[in-house]
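The values are calculated or read from the model by the stated rules, or taken from the named source; none is laboratory data. Every value quoted in this text rests on a predicted model; they were computed, and no experiment measured them. Positions of Cβ are backbone-derived with ideal geometry, glycine not excepted, and every protein chain shown enters the neighbour counts. Heads up: the accessible areas ignore ligands, DNA and RNA and are worked out on the full protein's heavy atoms, side chains in. Shrake-Rupley method; radii C 1.70, N 1.55, O 1.52, S 1.80 Å.
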Amino acid sequence: MSADADRLKVVLCWHMHQPDYRGPEHSEYQLPWVYLHGIKDYVDMAAHLEDNAQARAVVNFAPVLLEQIDDYSQQIHDFERHRRPLGDPLLAALAGPALPAEPLARQKLLAACLRANETHLINRFPVFRELVDLAAWFQERPGSAAYLSDQYLIDLLVWYHLAWMGESVRQRDLRIAALEKKARHFDLDDRRRLVGLIGELMSGIIGRYRALADSGRVELSVTPYAHPIIPLLLDIRSARSALPEIPLPKLSHYPGGEERARWHIRRGVQLFRQHFGMTPAGCWPAEGAVSDDTLRLLEEEGVRWAASGQQVLHNTLGAAGHFPEYWPHRAYRVQERRVAMFFRDDGLSDLIGFTYADWHADDAVGDLVHHLENVARQTRGKSDAVVAIIMDGENAWEYYPNNGHFFLTTLYKRLAEHPGLRLTTFSDCVERCAVMPYSLPRLVAGSWVYGTLSTWIGDKDKNRGWDMLGDAKQAFDRAVASGRLTPTRVEAAELQLATCEGSDWFWWFGDYNPGAAVSDFERLFRRQLAHLYELLGEPAPDYLQQVFAFGTGDPSRGGVMRQSQ
């Protein structure tokens, strides 16, 4: 298996996604996860690829994430040059000079600095551990935050950001080493140096990935603009493709769903071009959610490949009554469409996402390579054989020692050097495939999560969210049809509608998610819908003043991963 053509193609696809955490009209950030994952995961994932010239990967960006990375970069630049206020409360507190004086604001600041993985982001740093223990004591005593000294809060803030710093930065930047050595009693100069470093890291993210793409070491792909579940925009009933008995909202169909889905695809490609100077060949639809009509739209918009979850393929082949050989590890087409479909190897992807974090890096990578070698033996001589490992590019590493540094370094090295495996990209697979991929008669609509759409519809709170969104879309259509909105107001309302159509609202609704996370997203969803009505010049429904969804689930990682909370 030394010849390149005989090596098993392996694609590592990292999906970079955070929802839009800005309030209405892109006001103050409600949650800090974009910049925290930026300084930790987006920079580290680029560094691993930069450090290994033989490594290859696909990196997929949600456009709404690109917008927020840009926004943070510009805000920090404006703060440093002109002392303009920062629109993220946590980052603003770090930058100073003043800290909030109100007890409630200080309590919120205290709580924000506890949102980190205890094993790998808190316990790793003894001083931070001590500060967190004190914070926990104060949290248990409502009102006591008023007695916290400013110096304590400053030290807690600095250590929180030091803990979130990427391993590549920690190893190479002397400013981090100096702050960790100082350990306590940080002053305003220390805080400003840290903010300056955060600004440098955020402003460099997009350029680093663009350079990797320009050099041929990374393929960049895109998700439709605001990360909507396109099959549900096109047909609410597509949820019953995989689950015939799933309860549906009162909303029988999403008004103008195809037009909206096409808008998200086009807007996403447009923003991708603006940031990376190229047109993406591929698309990871939001949550890998696909249907026959989804593929039709993607093809019509020029997409050459798309990807989804293995269970979608299993459901599809099961409905067709035939499983071809090496079925999880090959390229497909659907109904003679030109779009090539790839499907995530759920087992291998989930080993990285949920199992290997507790293993020694050498053992974990050795186990993964062993699985890949077995696939290589089973598919020897098959030109369309490919293993697609697809997962979030940010969330798993918080659970690994040193932000996954040892695991990822070893992973890229072993795979790049293996004589029987070839790291590659989906576009390369399409170009090199000598045999026409296996054709599927139709797709059973679903996503990477369980192969269904139940994560975004079917629960009473999720369904109510769809009914509220449907009401808002009907109000949007009426207002636009009336001709009373100016072109500027129509554009603003269209962007606001897109924000409300994002998938993450519906992900969090339901009684199986942590209550605090559900509360954050449910509150922000109602605010976003209310602002849409304001832009349309229509009164918001009374129900937007009512809290309707509270999660009661276990906040542990479970089997599905989402933003840090």
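If you take the beta carbon distance between ARG141 and SER519 as r and set R0 to 22 Å, what does 1/(1 + (r/R0)^6) give as a FRET efficiency, to the nearest 0.05? Calculated value: 0.50. For PHE323, PHE128, the ranking by accessible surface with the largest value first comes to PHE323, PHE128, using a 1.4 Å probe.
Considering all different alpha carbon pairs of segment 49-97, the Kirkwood hydrodynamic radius works out to 13.2 Å. Looking at the chain alone, DSSP beta bridges between its own residues are antiparallel in about 10 percent of cases.
Per-residue Karplus couplings for segment 251-268, computed as 6.51 cos²θ - 1.76 cosθ + 1.60 with θ equal to phi - 60°, are listed in order as 4, 7, 7, 7, x, x, x, 5, 4, 5, 4, 5, 4, 5, 5, 5, 5, x Hz, Gly and Pro entered as x.
Evaluate the relative contact order of the chain (contact order divided by residue number), counting alpha-carbon pairs under 8 angstrom at least 6 apart; express in whole percent.
Numbers: 948 pairs, mean separation 120.2, N = 565.
Here the relative contact order equals 21 percent.
For the peptides 20-29, 151-160, 74-83, the ranking by packing is 151-160, 20-29, 74-83, with the highest mean count of neighbouring Cβ atoms within 10 Å listed first. Bridging of LYS250 to lysines at a Cα separation below 21 Å is possible for LYS460, LYS462, LYS473, once same-chain residues fewer than 8 apart are set aside. Based on DSSP H segments of at least four residues, each scored -39500 (n - 2.57), the chain has a per-residue ellipticity at 222 nm of -15000 deg cm²/dmol.
State the extension gain, in nm to one decimal, for the chain segment bounded by VAL480 and SER215, taking 0.36 nm per residue of separation less the distance between their alpha-carbons. Mind showing how you got there, number by number?
Details: separation 265, 0.36 × 265 = 95.40 nm, distance 4.51 nm.
That pair, VAL480 and SER215, stretches by 90.9 nm at full extension.
Amide H contacts of ARG22: GLN30, each under 5 Å away and 5 or more positions distant or on a separate chain (H built 1.01 Å from N in the peptide plane; Pro and chain starts excluded). Averaging the Cα positions of each part gives two centres, and for segment 313-372 and segment 29-88 these lie 29 Å apart. A full extension of the chain between HIS26 and ASP542 corresponds to an added length of 183.4 nm, given 0.36 nm per residue minus the alpha carbon distance.
The amide H of PHE61, built 1.01 Å from its N in the peptide plane, has MET16, SER221, VAL222, THR223 as neighbours under 5 Å, considering only residues 5 or more places off or on other chains.
Within the shell of other residues whose beta carbon sits under 14 angstrom from the beta carbon of GLN74, the net charge comes to -4, with Lys and Arg scored +1 and Asp and Glu -1.
Mean separation of Cα pairs under 8 Å and 6 or more residues apart, divided by the residue count, gives segment 147-195 a relative contact order of 48 percent. If you sort the three axes of the alpha carbon gyration tensor as a ≥ b ≥ c, you get a/c of 1.5 or more for the chain and a/b no higher than b/c, which makes it oblate. Whenever you get a sec, compute what percent of the accessible area on the chain sits on carbon and sulfur atoms (1.4 Å probe). Roughly 51 percent of what the probe reaches on the chain is carbon or sulfur. Computed extension gain for ARG296 through ALA177, at 0.36 nm per residue and net of the alpha carbon distance, reaches 37.6 nm.
Looking at segment 166-237, the trypsin sites (Lys or Arg not before Pro) that sit in a DSSP loop and have at most 14 other Cβ atoms within 10 Å of their own Cβ are ARG184.
Per-residue counts of other Cβ atoms within 10 Å, averaged by peptide: what ranking do you get for 446-458, 133-145, 291-303, highest first? It would help to have the intermediate numbers written out before the result.
Details: 446-458: 24.0, 133-145: 13.3, 291-303: 20.0.
Ranking the peptides 446-458, 133-145, 291-303 by packing returns 446-458, 291-303, 133-145.
Rg/Rh for segment 1-139 to two decimals, with Rh computed the Kirkwood way over all alpha-carbon pairs. Can you show the working numbers first?
Details: Rg = 19.6 Å, Rh = 18.1 Å.
Here Rg/Rh amounts to 1.08.
The residues of segment 371-441 present an accessible area of 39 Å² per residue when probed at 1.4 Å with all protein chains retained.
Solvent-accessible area per residue for segment 197-340 at a 1.4 Å probe radius, Å²? Mind showing how you got there, number by number?
Details: 5340 Å² over 144 residues.
Result: 37 Å² of accessible area for each residue.
Compute the relative contact order of segment 248-315 as a whole-number percentage, counting only Cα pairs closer than 8 Å that sit 6 or more residues apart in sequence. Don't skip to the end; give the middle numbers.
Details: 36 pairs, mean separation 20.5, N = 68.
Relative CO of segment 248-315 lands at 30 percent.
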